[in-house]
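For reference, the structure is listed below as structure tokens.
The values are calculated or read from the model by the stated rules, or taken from the named source; none is laboratory data. From a predicted model like this one, the values you see are computed outputs, not experimental measurements. Reconstructed Cβ throughout: ideal geometry from the backbone, glycine too, with neighbour counts over all protein chains shown. Surface areas here come from the heavy atoms of the whole protein model, side chains and all, with no ligands, DNA or RNA. Shrake-Rupley method; radii C 1.70, N 1.55, O 1.52, S 1.80 Å.
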Amino acid sequence: MDGNAAQSDQPVSIRWGTPVARGVLATTILGSGMAMLDGTVVNVALPRIGKELEASVAGLQWILDGYLLSLASLILIAGSLGDRYGRRKVYTIGIIWFGACSLLCGLAPTT
């Protein structure tokens, strides 16, 4: 490997306090806040979800378990894909998929 190829694999450094660094920080805070908010909304809305879908306690437990299991497994996969294909690209795709899947879950007619 020549010197140029080794340097191109290095991450781009962002200086603290610059507008780019502030943008990266704001974006990551908004993304993690969105995931926390979604988890909170699911827990707060659980009684209403159960009433609307006529779900049993077991059905509601499956809703929570499915959400948490998919979130936990996809975080690990996304970290690996981010290292391989670029964090920004994987982050953007993840936000779009998160929004689309949340919409589909909201439109689900049954548990």
Between residue 15 and residue 53, 0.36 nm times their residue separation minus their Cα-Cα distance comes to what? 8.7 nm
Simple spin-label estimate for residue 22 and residue 108 in nanometres, 7 Å along Cα-Cβ: 4.1
Taking a label point 7 Å from the Cα of residue 70 along Cα-to-Cβ, the residues of segment 13-42 whose backbone nitrogen sits under 16 Å from it are 35-36, 38-42
Charge-dipole axis of the chain as Lys and Arg at +1 and Asp and Glu at -1 on Cβ define it, positive-most pick from 47, 59, 110: 47
Using just the helices of the chain, give the 222 nm mean residue ellipticity in deg cm²/dmol: DSSP H runs with n ≥ 4 each add -39,500 (n - 2.57), and the total is spread over all residues, rounded to 500. -28500 deg cm²/dmol
Heavy-atom accessible area per residue, the chain, 1.4 Å probe: how many Å²? 82
On each of the three principal axes of the Cα atoms of the chain, give max minus min coordinate, whole Å, ordered largest first. 63, 32, 18
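Carbon and sulfur: what percent of the chain's accessible surface (1.4 Å probe)?
On the way: 6200 of 9150 Å².
Taking all protein chains in place, the chain shows 68 percent carbon and sulfur surface.
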